[in-house]
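To keep things clear, I will list the structure first and then write my remarks on it.
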Amino acid sequence: MTLSSTPATVSSLRAEYRDDTGFVAVAAPRLSWKSASDVGDWTQASAELESDGESVLLEGRDSVLVDWPFAPLAAGDSRSVRVRVTGSDGATSDWSEALVVEAGFVAEGGWTAPLLKASVSRGVGHPLLVRGEFDAPAGVTRALLFATAQGVYQAEVNGTEVDDQILKPGWTAYQHRLVHETTDITDLVRPGVNAVGVRLAGGWFTETFGFQGKEAPFYGTEPAVAVQIVLTLADGSTTTIAADDTWLTHADGPILASGIYAGESYDARLEPAGWSSPGFAGEGWERATAVTGFPTPTPRSSPAVRVTDELGVQQVITSPSGRTILDFGQNLVGRLRITVAGEAGHTVTLRHAEVLENGELGLRPLRRAEATDHYTLAGGGQETWEPRFTFHGFRYAEVENWPGELDPADVTAVVFHSDMVRTGWFDSSHELVNKLHENVVWGMRGNFLYLPTDCPQRDERLGWTGDIQVFAPTASYLYESDGFLASWLEDLALEQGERDGVVPFIVPDVLGTFSAPAAAWGDAATVVPSVLLERFGDRGVLQTQYPSMRDWADTLLRLSGERLLWEGSFQFGDWLDPDAPADFPADAKTDADIVASAHVFLSVDLVAKAAVELGYDDDAAKYRGIAEAVRAAFRREYVTASGRMVSDAQTAYGMAIVFGLAENKDEEQRMGDRLATLVRGAGYRIGTGFVGTPLVTDALTRTGHLEVAGRLLTQTENPSWLYPVTMGATTIWERWDSMLEDGSINPGEMTSFNHYALGAVADWMHRSLAGLAPAAPGYRVIRIEPRPLPEFDYATTSHETPYGLASAGWVREGDRVVVSAVVPANTTAEVVLPGSTEVIEVGSGEHRWTVDAPAPEKETGELTIHSDLARIIDDREAYDSVLAAITAADPEAARSFRSHTKWVPGRSLFDELMMTSAVVVQAAERAMAQRGGAA
Ligand code: BGC
């Protein structure tokens, strides 16, 4: 039976959730591997896992996040694991490469190191150097450093930094959870005296958070660090060194001040030579104060933050006021590295901003964030420096007081973020759409720094729940964000736990009392774990988060009372609807109560589904029943008999269709038709905010209005996804018009140029335009359903699924469309080809189909000034020529025409222009006549 078969190869064996280290955070890490086979239709029949002579045979197809089949790891344990797979054809692969899995945790009760801080406070967040020494016997075979901080730190052993990680240990809900790094320092430790030096600053721990005069440090005012070292000898015995109050602190080190928002000031003259090497003795070092009573540190489970890119100066600009501004050509997150020579004591200042306004740095959007670094030279040759404990969101940097001539090569922008593996790509024939996609990727890179943030530049950079609620699917496609988001969800549950089930606006919550349950924000509790199941097959996270999910649903039900409608409360609603005034972003077209009640349904429905998935039958039945009752209440209150909604606005229909609030397919179709009418009525420009934007293209696609979605995606007029691209955006903006058409910055308070939320459309581009979607958790079954749009000649996407690389796409060839797909081994796909509804089932391998191209856009026929507005907008050229003619005749009238015209059937262009001047009417008439060739 095995004679004719070709064995698969198996690779990428990994233990959850990190592949940037062999240390694991849990005693029984789940294992995943990927198989590849030259033979199509390959599925795994069984897998054999082997570790240190012990072998376990697992029957069946499971290869993603498979339960650890060996005895749980104890602290200090390390095991080598390998896997081989047998296909359904009976052929068995070779063994995979061995994966060494090492416990990254300390034993229960084994964390003994206190937190060390300065004995005398030098003011909020004052940076410190901390040092201590320890003796190592000869014959150390393994030395591990476990360290954490209330603040941010980097450790050095015998003068060498222990790793390349940045801003450790990141930001968690510190009052509940402190994370430690586990670092292999075996190579740095030597027999005899060893020194450990720690640079420490306040970071997020001492940062001043809050708005409107309520700004204050939330966690504490002084940074502190805890260090524990475990040495293992050849005989297996271990010695633990816990840094205590015999260690020394120094408050007059080179970092004079440091803040996440403020930036950093560094005086190179104050760097004490040899301070982290053995035998150092310097002035001004005092015994540390040891503090206990903090949460026992737990190991980092999400990827570390590292430098992932470096960008050079693209242009040196002299601003109208004579300042020197460097343009890096990309809005990014990180900091500058400078190489400079000059006199001792000379200070260079670097100030960062995302955009220019009137040729100068646009600083107003940064609000309280100074985003300014100062470097004071030590003198005596070239010096290279970059700040350590801050980060900035910027494309431009102003350099002040540079000694001598600035050589652009002396300044580099260093990009960093949580170092997740890139897994998603998109390409198409539409250059602007490709750029939009690239901007989405950059938006994610800038905002995935230990936690998912709203924006990386101003005085926020907070874990706003609503933003990641809408962006999680996109994030999960572009990067492997499972571990990253699972870690953040732990904090969400902890914060929620002390608020009686209410999920705060932001996680970690540093706004104190400034929080309330808010629809679409708190629903991150139910949505994000569901996304992690869908995209990564992560049942474990679903199970861990299930109590949090259920508590949120129960909270919503409590708030909704007997009528099962959540009404009258504070809401952000469809935040930043383009029609909301600049100073009141919550004033959306869709009533906030409708947003709230729709999300009650969404969350209860997700809890019911999670309960089914986890086999919690009682809950499954209970929440399914409640979900149906909520749906009925919602429809009774907000949906008319004909399928209209009480807020006749795009977001209302988007939610009803995508969340599944319609009573049946007929009603859903009527809602979709109305939605399409509204989108066209708005001139195919965006009519939605944070809540509706990720839904509208899906709602249109699902109800047969794909081309309407295509018009929306390819629109370049403001508001649209591509308007920012035409304005030179290199990231996704917070507002549709963060920069106004005249190049000035939107006057609203909330004006960032790097917010990922509105980039959530990328998920639709992957799933619907190129056509690659999960049809079973973790892409074990893949849905391939490409949808050619008239504006594109091709679109293609690929995604490194938990099973391996999958891709889907299509290309026009004359009047045919060629669809191609790659289905990874051990998965299957259901394929729906353009123009068909038939579902074709295929197995793994490369596939290709050729079909007739979908019919081109409907001809609109001859158009005159008396034609219907709906027909005119559907004919792009007609619309463009009318708009151009009116703009030439009267720009002010054109502006009004553009923003007020409802492109609906039943009203003619002539009717619309009735109240305008004769010049405008004639211009429009002429434009239409020229097109039609008629008089
Ligand atoms: C943030 C958001 C957040 C919002 C709450 C803003 O300040 O930047 O993205 O979701 O507040 O409505």
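The values are calculated or read from the model by the stated rules, or taken from the named source; none is laboratory data. Not measured: the values here are computed from a predicted model. All Cβ positions, even for glycine, are placed from backbone atoms using ideal geometry, and neighbour counts span all protein chains on display. The protein model used for the area step is the full one, side chains on, heavy atoms only, and it has no ligands, DNA or RNA in it. Shrake-Rupley method; radii C 1.70, N 1.55, O 1.52, S 1.80 Å.
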Can you compute the charge dipole magnitude of the chain about its Cα centre, using +1 on each Lys and Arg Cβ and -1 on each Asp and Glu Cβ, nothing else charged? Give it in debye, rounded to the nearest 20.
840 debye
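How much length is gained on full extension from A641 to T887, taking 0.36 nm per residue of separation minus their Cα-Cα distance?
On the way: separation 246, 0.36 × 246 = 88.56 nm, distance 4.22 nm.
Full extension of this stretch gives 84.3 nm more.
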With axes computed from alpha carbons, what is the tilt in degrees of helix 693-702 against the longest principal axis of the chain, rounded to the nearest 10 within 0 to 90?
50 degrees
Amide N of the stretch 81-111 lying under 17 Å from the label point, which is placed 7 angstrom from the Cα of T240 along Cα→Cβ:
103-111
Probe 1.4 Å, all protein chains present, accessible-area order of D164, D245, largest first
D164, D245
Whole-number D in µm² s⁻¹ for the stretch 717-869, Kirkwood Cα-pair radius fed into Stokes-Einstein, 4 °C, 1.567 mPa s:
72 µm²/s
Quick calc, the stretch 423-570, dipole around Cα centre from Cβ unit charges on Lys, Arg (+) and Asp, Glu (-), nearest 20 debye, gives 120 debye
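At 1.4 Å probe size, with the rest of the protein present, what percent of the exposed accessible area of the chain is carbon and sulfur atoms?
On the way: 16630 of 33970 Å².
So the carbon and sulfur contribution to the accessible surface is 49 percent.
Could you give the dipole magnitude of the stretch 573-619 about its Cα centre, charging the beta-carbon of Lys and Arg +1 and that of Asp and Glu -1, in debye to the nearest 20? Could the numbers behind the result be given before it?
Values: 2 positive and 12 negative charges, 16 e Å.
Magnitude of the dipole: close to 80 debye.
What ratio of Cα Rg to 2.2 N^0.38 Å holds for the stretch 238-376?
That works out to 1.41 for the stretch 238-376.
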Report, in whole Å, the centroid distance computed from the Cα atoms of the stretch 537-614 and the stretch 173-227.
35 Å
Where in the stretch 197-217 does the amide nitrogen come within less than 13 Å of the point 7 Å from the Cα of T513, taken along Cα to Cβ?
214
Simple SL model, points at 7 angstrom along Cα→Cβ for L614 and N664; separation in nm is 3.5 nm
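Rounded to the nearest 0.05, what FRET efficiency do N358 and V904 give with R0 = 51 Å and r taken as the Cβ-Cβ distance? Could you check?
Numbers: r = 40 Å, r/R0 = 0.79.
Computed FRET efficiency for N358 and V904: 0.80.
If you wrap a convex hull around the Cα atoms of the stretch 522-636, how much volume per residue is inside, in Å³? Working shown, then result.
Working: hull volume 12.5 nm³, N = 115.
Here the figure is 109 Å³ per residue.
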Taking the stretch 887-935 as the region of interest, what is the percent of Cα-Cα pairs per 10 angstrom bin, listed from the shortest bin to the one with the maximum distance?
24, 56, 20
Cα axis of helix 891-900 to longest principal axis of the chain: angle in degrees, 0 to 90, nearest 10?
80 degrees
Heads up, I need the accessible area for E791: 1.4 angstrom probe, whole protein in place, Å², nearest 10.
40 Å²
Quick one: how many Å² of T324 are accessible to a 1.4 Å probe, rounded to 10?
50 Å²
For the stretch 472-509 and the stretch 428-456, write down the distance between their C-alpha centroids in whole Å.
20 Å
Taking the chain as the reference, fit the longest principal axis to its C-alpha atoms, fit the long axis of helix 918-932 to the helix C-alpha atoms, and give the angle between the two in degrees, 0 to 90, nearest 10.
90 degrees
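Can you give the FRET efficiency to the nearest 0.05 for L256 and Q922, using r as the Cβ-Cβ distance and R₀ = 51 Å? Provide the component values of the computation, followed by the final result.
On the way: r = 69 Å, r/R0 = 1.35.
Result of the calculation: an efficiency of 0.15.
Probe radius 1.4 Å, ligands and nucleic acids left out: which of W425, W285, W95, W275 has the largest accessible area, and how do the rest follow? Working shown, then result.
Numbers: W425 95, W285 35, W95 65, W275 5 Å².
Ranked list, largest accessible area first: W425, W95, W285, W275.
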Radius of gyration and maximum dimension Dmax of the stretch 788-832, Cα, Å:
12.2, 36
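Consider all pairwise Cα distances in the stretch 178-262 and report the whole-number % of them above 19 Å.
Working: 2002 of 3570 pairs.
Beyond 19 Å sits 56 percent of the P(r) for the stretch 178-262.
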Against the globular-protein guess of 2.2 N^0.38 Å, express the Cα radius of gyration of the stretch 654-701 as a ratio, rounded to two decimals.
1.07
Given N residues in the stretch 832-935, what is its alpha carbon radius of gyration divided by 2.2 N^0.38 Å?
1.57
Rounded to whole Å and sorted largest first, list the principal axis extents of the Cα atoms in the chain.
97, 80, 58
Which part of the stretch 109-141 falls in the paramagnetic zone of L233, meaning amide N under 15 Å from the point 7 Å along Cα-to-beta-carbon?
135-141
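Viscosity 0.692 mPa s, temperature 37 °C: give me the Stokes-Einstein translational D for the stretch 33-181 in µm²/s, with Rh taken as the Kirkwood radius over C-alpha pairs.
Values: Rh = 19.8 Å.
Estimated via Stokes-Einstein, D reaches 165 µm²/s.
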Only sites in a loop by DSSP and with at most 14 other Cβ atoms within 10 Å count here; which GluC sites (Glu not before Pro) in the stretch 1-101 make the cut?
E97
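Given the Cα-Cα distance of D648 and M915 and 0.36 nm per residue of separation, how much length would full extension add, in nm? Mind showing how you got there, number by number?
On the way: separation 267, 0.36 × 267 = 96.12 nm, distance 2.60 nm.
Full extension from D648 to M915 adds 93.5 nm.
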Rg in Å to one decimal, and Dmax rounded to a whole Å, for the stretch 426-529 via C-alpha atoms
14.7, 51
The alpha-carbon center of the stretch 636-708 and that of the stretch 331-367 are separated, in whole Å, by 45 Å
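Report the equivalent ellipsoid semi-axes for the stretch 369-458 in whole Å, largest first, defined as the square roots of five times the eigenvalues of the gyration tensor built from alpha carbon atoms.
Numbers: eigenvalues 207, 57, 32 Å².
Sorted largest first and rounded, they come to 32, 17, 13 Å.
Over the chain, give the accessible area per residue in Å² for a 1.4 Å probe, as an integer.
Details: 33970 Å² over 935 residues.
On a per-residue basis, the chain sits at 36 Å².
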Quote to one decimal, in nm, the extra length available between S80 and I840 on full extension: 0.36 nm per residue of separation minus the C-alpha distance between them.
269.4 nm
Rounded to the nearest 0.05, what FRET efficiency do D20 and D587 have when you use their Cβ-Cβ distance and R0 = 45 Å?
0.50
What share of all Cα pairs of the stretch 38-108, in percent, falls into each consecutive 10 Å distance bin?
18, 45, 25, 9, 2
Debye calculation, C-alpha points only, no solvent: report log10 I(q)/I(0) for the stretch 749-818 at q = 0.13, 0.23 Å⁻¹, in the same order as the q values.
-0.47, -0.97
In 10 Å bins starting at zero, report the fraction of Cα pairs in the stretch 9-68 per bin as a rounded %.
19, 51, 26, 4
Heavy atoms of the protein only, probe of 1.4 Å, neighbouring chains included. What is the accessible area of V919 in Å², nearest 10?
80 Å²
Expected vector for the stretch 82-89, Karplus 3J(HN,Hα) from phi with 6.51, -1.76, 1.60 and θ = phi - 60°, integer Hz, x for Gly and Pro, equals 9, 9, 9, 10, 10, x, 5, 7
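Show that you can apply the helix-only estimate: for the chain, add -39,500 (n - 2.57) for every DSSP H stretch of four or more residues, divide by all residues, and state [θ] at 222 nm to the nearest 500. Walk me through the numbers on the way to the answer.
Numbers: 19 runs with 235 residues, N = 935.
Rounded to the nearest 500, it is -8000 deg cm²/dmol.
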